[in-house]
Amino acid sequence: MVALVRPSTEQIWRWLDQIPDPEIPVITLVDLGVIRGVSWAEDMLVITVTPTYSGCPATRVIQMDIEAALSEKGVMNLKVVQQLSPSWTTDFLSKKGRDALENFGISPPHTAAGPQHCPLCKSRNVEKISQFGSTPCKALWRCCDCCEPFDYFKCI
Amino acid sequence: MTQREALFEFLQHLGDNTLILSHRVSEWCGHAPVIEEDIALANTALDLIGQAQMWLGLAAEIEGAGRDADALTYHRDSWDFRNLLLVERPNGDFGKTLMRQFLFDAWQALMLEKLARSEHKQIAAIAGKAIKEVAYHLERSGDTVIGLGDGTEESHARMQAALDDLWPYCGEMFNLDERYNALILANILPRMDDLRARWLSKVTDIFDDATLVIPTDNFAHSGGKSGRHTEHLGHLLCEMQVLQRSYPGAKW
């Protein structure tokens, strides 16, 4: 069934901003910066999505989550298209998303050299354990003051 | 060979390199010496399989015969694969796996840098995406080669043996392939003239820091790009393809 009143693209963006990232649910898909476009092609809603990492298993889940969330709002005629270029970069992360990551204990992307500080005690005395972590987008770091290991959302 | 056939060949070469290396690296999952390395290897394999999906997906699209990335992966036999012989080499020990990774990463990073400037938009987009991931692979494999090469007597000896063993498989990366000339003329593929020199300069820097010596014999095996593989690929495919061979078209 096609919704009788076509929701505005602003409304769609607000709905998309309620869908949590499947692997880091403290941020939304809009925060993550993977939604690159929302538009209507007559009665069909077209959502353009870019993958974070080539092999990230969350990519397919993200597409299913978008379809499920919008069909709940009555948008049935929907197409999710993938766009590779411009390729996803951590610069696409929203300010709201960065703050949410920090509060959750994941250090948000800072520079290629590493995080600004420990997300827990805020010490700048931190060291890298490994450039690879529990998901493709994260690296493993450790705080040398509070001694806690933490995830760093690495820059790409 | 038409331009389309040449492009299909070349995209299979790119896709098969990452597919076969991904499978090899994934064999380490749960077996690496420490958990951080296990995670790093699994992440590397994941990036490579993602890249393989994109390259082989595009290859199938260019071929236009109704196949997709899965069909190319699971329903071709070894003579249809176009990967470098280097990536089908068995893993050996951890050091040898990382040596193979470094030799490949150093080549792939340069190749992707060139392909990101291709006039073929899809090729440029895939390369532009993959290059960011490969930068992390190269940083890690290079650091590990230095750490183990300039490490203990035991680790140094193993890394030198790994380099001696794998070096004859590197020349194939730079074999000029006449089949691709039409693609270079069409600006789909960039010119590769300086690839070998730039690669050699990168690996030489790392091997100097790693106190490893590049073999003087420049004999190079070849054949992978045209489908003449070692026995190792057949064994790998047996494992990788068994489910789709037994139950063709099975869906998850």
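The values are calculated or read from the model by the stated rules, or taken from the named source; none is laboratory data. The model shown is predicted, which means the values in this text are computed figures rather than measured ones. So basically every Cβ, Gly included, is an ideal-geometry build from the backbone, and we count neighbours across all protein chains shown. Heavy atoms of the whole protein, side chains included, go into the accessibility calculation; ligands, DNA and RNA do not. Shrake-Rupley method; radii C 1.70, N 1.55, O 1.52, S 1.80 Å.
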>> For peptide A:47-54, what's the mean number of Cβ atoms from other chains within 10 Å of each residue's Cβ?
In response: 4
>> Rounded to two decimal places and with Rh computed the Kirkwood way over Cα pairs, what is Rg over Rh for segment B:154-252?
In response: 1.09
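Run through segment B:200-252 and list the trypsin sites (Lys or Arg not before Pro) located in a DSSP loop whose Cβ has at most 15 other Cβ atoms within 10 Å.
B:228, B:251
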> What ratio of Cα Rg to 2.2 N^0.38 Å holds for chain B?
Replying inline: 0.99
> Top mean-square fluctuation among A:71, A:107, A:54, Gaussian network model of chain A, C-alpha springs under 10 Å?
Replying inline: A:54
>> Which residues belonging to segment A:80-94 lose at least 50 Å² of 1.4 Å-probe accessible area when the assembly is complete, relative to their chain isolated?
In response: A:84, A:87
>> How much of the pair distance distribution for segment A:105-153 lies past 13 Å, counting alpha-carbon pairs only, in percent?
In response: 44
>> Loop-only trypsin sites (Lys or Arg not before Pro) in segment A:26-119, please: DSSP not H, G, I, E or B, and at most 16 other Cβ atoms within 10 Å.
In response: A:73
> Which value in Å is the Kirkwood Rh of segment B:105-148 over different Cα pairs?
Replying inline: 10.8
>> I need to check one value: relative contact order of chain B, counting alpha carbon pairs closer than 8 Å and at least 6 residues apart, in percent.
In response: 25
>> Return the Rg/Rh ratio of segment A:9-89 with Cα-based radii and a Kirkwood Rh.
In response: 0.93
> Rounded if a/c is under 1.5, else prolate if a/b is larger than b/c, else oblate: which is the protein assembly as shown, with a ≥ b ≥ c the root eigenvalues of its Cα gyration tensor?
Replying inline: oblate
> Nearest-5 percent of antiparallel DSSP beta bridges in the protein assembly as shown?
Replying inline: 70
>> Can you give me the solvent accessible area of residue B:9 with a 1.4 Å probe, rounded to the nearest 10 Å²?
In response: 20
>> Can you compute 3J(HN,Hα) from phi for each residue in segment B:206-222, using the Karplus curve 6.51 cos²θ - 1.76 cosθ + 1.60 with θ = phi - 60°, rounded to whole Hz and x for Gly and Pro?
In response: 5, 5, 4, 5, 8, 6, 10, 10, 6, x, 7, 6, 9, 4, 10, 6, 8
> List the cysteines of the protein assembly as shown that have no other Cys Cβ closer than 4.7 Å: which are they?
Replying inline: A:56, A:137, A:144, A:147, A:155, B:29, B:170, B:238
